[in-house]
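Asks: Take this structure first; my questions come after.
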Amino acid sequence: MGLYLLRRLGLAVPTLLGVTVVVFALIRLIPGDPARLILGLQASEDEVARLRVELGLDRPLYVQYARFFARLVRGDLGYSAVTREPVIGEIGSRLPATVQLAVSSIVLATLVGMAAGILSAARQYSALDYLVMTVALFGVSLPVFWLGLMLMLLFSVYLNWLPAGGYGTPAHLVLPTVALAAFSVAIIARMTRSSLLEVFNQDYIRTARAKGLHGRVVILRHALKNALIPVITVIGLQFGALLGGAILTETVFAWPGMGRLLVSAITARDYAVVQGVVLVFAGLFTLVNLAVDVLYAYVDPRIHYG
Amino acid sequence: MSTPASTTVRWLPETVALRPRPGVWRRLRRHRTAVVGLAVLAVFVVGSLLAPVLFTEDPTEANFERVLQPPSRAHLLGTDNLGRDLLVRIVYGARVSFLIGVLAVSLSAALGVPVGLISGYYGGGVDMAIQRLVDLMLAFPGFLLALTLIAVLGVGVTNVVVAVGLATAPVYVRLVRGVALSIRTQVYVEAAQALGASAGRILRRHVLPNCLAPVIVQSTLQLGTAILTAAGLGFLGLGVKPPTPEWGTMLGEGQTYLFSSWYMATFPGLAIFLTVLAFNLLGDGLRDALDPRMRLP
């Protein structure tokens, strides 16, 4: 297990390195002179040239990347062209809000999705099964930003139960979490159902039923454990979808997270911030995938990591 | 994936090999939800094509004498902040959304399918290199990759197509590679190799036809996703530029007026939802019709 952990960590390192190369290259593909962009149109050629040297833009690309990487490992992501503040600080102040939203959504999606999937599988082809699967189909087709606005319209404008946007109290968290989780609830419910149905065909389930165990015990103790692997994979992948969806959800609910920071940075052409936020998002997702792989080993002792 | 029965089919004259299995259309027609999906899509497509006949007004022209009117008999879905009829804009918007969807998915498949074929068929170092590249692209959550590409490319219809198409190409690489991996060990491929067929011919004649069914199913589902992604970009103001009627952009404009004029955000979103739902229904139906053994990943 320890060796496996090390090996899996070793695999994540090249991915993370690759991510830094991709993001670095993408941002350098943007037409225009970054120094000019920072200083504005009024600056003289001399000033621009000086800043180019200062930023190292006159050096070859691989030297620029080496400098970029050396700063990155020290936690230096450069300065925002808009606020002139260090990018790492801007991200640091926004990261908790995004993590809070993403974690509460994945928890909600896992609980509701798995419960719905288990109920559906236990009563296959019942009215309940059809209802759950129909709702799930709607769930995967709903645009998160539209669902967010519709929830806001219903619960904030008409019923006046919950705040329409903002951040701070638990009440503020409810609507964004529900909107963001909906898609993942549907995916997790579908996967739980189909994975369980597959396990139901196994001999050991027939044995458990034959020896007279209660249906609930068979499903929860015998079947669910064995059906978990694909469900965990999907939950891990959903975390990526959630991070993507968070960008839209944060915009809908004026949630002060990294997604909104990214969108405003793109609009303002603040590329240092864009670069930083994209790196953090991709890094987070890579770490979650790593955690999912480690979880496999815990859930399924049959997996050998030789 | 492949049974002995289909092996014999592949050795019939070439025109037969590329034809979908018989009865697909018949099975699809019996698939009730798929028919519903198809019908919804048909309404949107026909409506958007007939838009100039159905409506006399221009979807982009402002009319300040009737701004933000709730749904009425004159304007079934109401009017927006510039006095434009929402129904007209949504019907014209179907053109934009469907065009973006089809082009993005075509680009995605055109890039992903050949790369997947090569990756799966050749294996070895080529496969390794391609798969690491795919891993790298998949390290970015889907929407984030499209958004980052937009940040680099800038907004506009063409850039949205490129961004969405590139961001979803890894899906095809993975899908086709999987099929190619399983096909390349089949006896009929070995036989073709023994007969001296070139790799290109084997890929075209034997491997590609086996990929068609999963690629068709995936593309149908992908159309929904592409439209959803493009609409998301539009909603953020980073997609199609106004005044072009695009559903996501319209929804973004509607958010500003949500509290006073609910219809402005509600109906464009409903159009996106129905379209994506229809593509999902059709995709599921196609999967069942093309190959009952094929299952959701």
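No value in this document is a laboratory result; all are computed from the given coordinates. What you are looking at is a predicted structure, and each value in this text was computed from that prediction instead of being measured. Cβ coordinates were reconstructed from backbone atoms using ideal geometry, including for glycine residues, and neighbour counts include every protein chain displayed.
Asks: Show that you can apply the helix-only estimate: for chain B, add -39,500 (n - 2.57) for every DSSP H stretch of four or more residues, divide by all residues, and state [θ] at 222 nm to the nearest 500.
Replies: -23500 deg cm²/dmol
Asks: By count of other Cβ within 10 Å, fewest leading, how are B:GLU65, B:GLU246 ordered?
Replies: Ranking B:GLU65, B:GLU246 by Cβ neighbours within 10 Å, fewest first, gives B:GLU65, B:GLU246.
Asks: Which ordering of B:SER97, A:SER80 is given by a fewest-first count of other beta-carbon atoms within 10 Å?
Replies: Result, fewest neighbours first: A:SER80, B:SER97.
Asks: Moving to a separate point now. Projected onto the charge dipole of the stretch A:87-299 (+1 at Lys/Arg Cβ, -1 at Asp/Glu Cβ, origin at the Cα centre), which of A:ILE266, A:VAL199, A:LEU111 gives the Cα projection farthest towards the positive end?
Replies: Highest projection toward the positive end goes to A:VAL199.
Asks: With a sphere of radius 12 Å drawn around the Cβ of A:TYR79, what net charge do the other residues whose Cβ falls strictly inside it have (Lys, Arg +1; Asp, Glu -1)?
Replies: Here the count lands on -3.
Asks: Also, quick follow-up: Read phi for every residue in the stretch B:139-149 and hand back ³J(HN,Hα) as whole Hz from Karplus 6.51 cos²θ - 1.76 cosθ + 1.60, θ = phi - 60°, with x for Gly and Pro.
Replies: For the stretch B:139-149, the Karplus curve yields 6, 9, x, x, 5, 5, 5, 4, 5, 5, 5 Hz.
Asks: How large, in Å, is chain B by the Kirkwood hydrodynamic radius built from its alpha-carbon pairs?
Replies: Over chain B, the inverse of the mean reciprocal pair distance is 21.0 Å.
Asks: Another one. Which one, A:PHE145, B:GLY285, B:GLN218, is farthest towards the positive end of the dipole of the protein assembly as shown when Lys and Arg carry +1 and Asp and Glu -1 on their Cβ?
Replies: So the residue furthest toward the plus end is B:GLY285.
Asks: Pull out a ≥ b ≥ c, the square roots of the eigenvalues of the alpha-carbon gyration tensor of chain A, then state rounded if a/c is under 1.5, prolate if not and a/b is larger than b/c, and oblate in the remaining case.
Replies: Oblate is the answer for chain A, as a/c is 1.5 or above yet b/c matches or exceeds a/b.
Asks: While we're on this one: Tell me, what is the FRET efficiency for A:VAL99 and B:ALA129 to the nearest 0.05, using R0 = 30 angstrom and their Cβ-Cβ distance as r?
Replies: For A:VAL99 and B:ALA129, the calculated efficiency is 0.30.
Asks: Going by Cα centres, the stretch B:179-209 and the stretch A:20-34 are how many Å apart?
Replies: Computed from Cα coordinates, the inter-centre distance equals 41 Å.
Asks: Okay, next question. Roughly how many debye, to the nearest 20, is the charge dipole of the stretch A:87-299 about its Cα centre, given +1 on each Lys and Arg Cβ, -1 on each Asp and Glu Cβ, and no other charges?
Replies: Rounded to the nearest 20 debye, it is 680 debye.
Asks: While we're looking at this one, here's another question. Calculate the dipole size of the protein assembly as shown relative to its Cα centre from +1 charges on Lys and Arg beta carbons and -1 charges on Asp and Glu beta carbons; express the result in debye to the nearest 20.
Replies: That gives the protein assembly as shown a dipole magnitude of about 2240 debye.
Asks: Would you mind estimating how fast the stretch B:215-297 diffuses translationally, via Stokes-Einstein at 10 °C and 1.306 mPa s with the Kirkwood radius over Cα pairs, in µm²/s?
Replies: Approximately 115 µm²/s, per Stokes-Einstein.
Asks: About its Cα centre, what dipole magnitude does the stretch B:170-244 give when the only charges are +1 on Lys and Arg Cβ and -1 on Asp and Glu Cβ, stated in debye to the nearest 20?
Replies: Its charge dipole is roughly 140 debye.
Asks: Right, something else. According to a simple spin-label model (label point 7 Å from Cα along Cα-to-Cβ), what is the distance in nm between B:ASN63 and A:LEU41?
Replies: Reported label-point gap for A:LEU41 and B:ASN63 is 3.8 nm.
Asks: Shifting gears a bit: From the alpha carbon gyration tensor of the protein assembly as shown, can you work out the equivalent ellipsoid semi-axes (sqrt of 5 times each eigenvalue) and give them in Å, largest to smallest?
Replies: 38, 33, 28
Asks: Given the -39500 (n - 2.57) contribution per DSSP H run of 4+ residues, what per-residue ellipticity at 222 nm results for chain A, rounded to the nearest 500 deg cm²/dmol?
Replies: One gets -25000 deg cm²/dmol as the mean residue ellipticity at 222 nm.
Asks: Please name whichever of B:THR79, B:GLY200, B:ALA169 sits farthest to the positive end of the charge dipole of chain B, dipole taken about the Cα centre and charges placed at Cβ: Lys and Arg +1, Asp and Glu -1.
Replies: Projecting each Cα onto the dipole axis, the largest value belongs to B:GLY200.
Asks: How many angstrom separate the Cα center of the stretch A:58-111 from the Cα center of the stretch A:136-193?
Replies: 27
Asks: Now for a separate question. What's the exposure ranking of A:LYS211, B:LYS241, going from fewest to most Cβ atoms within 10 Å?
Replies: A:LYS211, B:LYS241
Asks: Rounded if a/c is under 1.5, else prolate if a/b beats b/c, else oblate: with a ≥ b ≥ c from the C-alpha gyration tensor eigenvalues square-rooted, which is the stretch A:130-288?
Replies: prolate
Asks: Sort out for me the Cα centre separation of the stretch B:220-251 from the stretch B:32-97, rounded to whole Å.
Replies: Answer, in whole Å: 16.
Asks: Can you list the trypsin sites (Lys or Arg not before Pro) in the stretch A:48-102 that are in a DSSP coil and have 13 or fewer other beta carbons within 10 angstrom?
Replies: A:ARG74, A:ARG84
Asks: Here's something else I'd like to know. Once you list every other residue whose beta carbon is under 15 Å from the beta carbon of B:PRO59, what net charge do they have if Lys and Arg are +1 and Asp and Glu are -1?
Replies: -2
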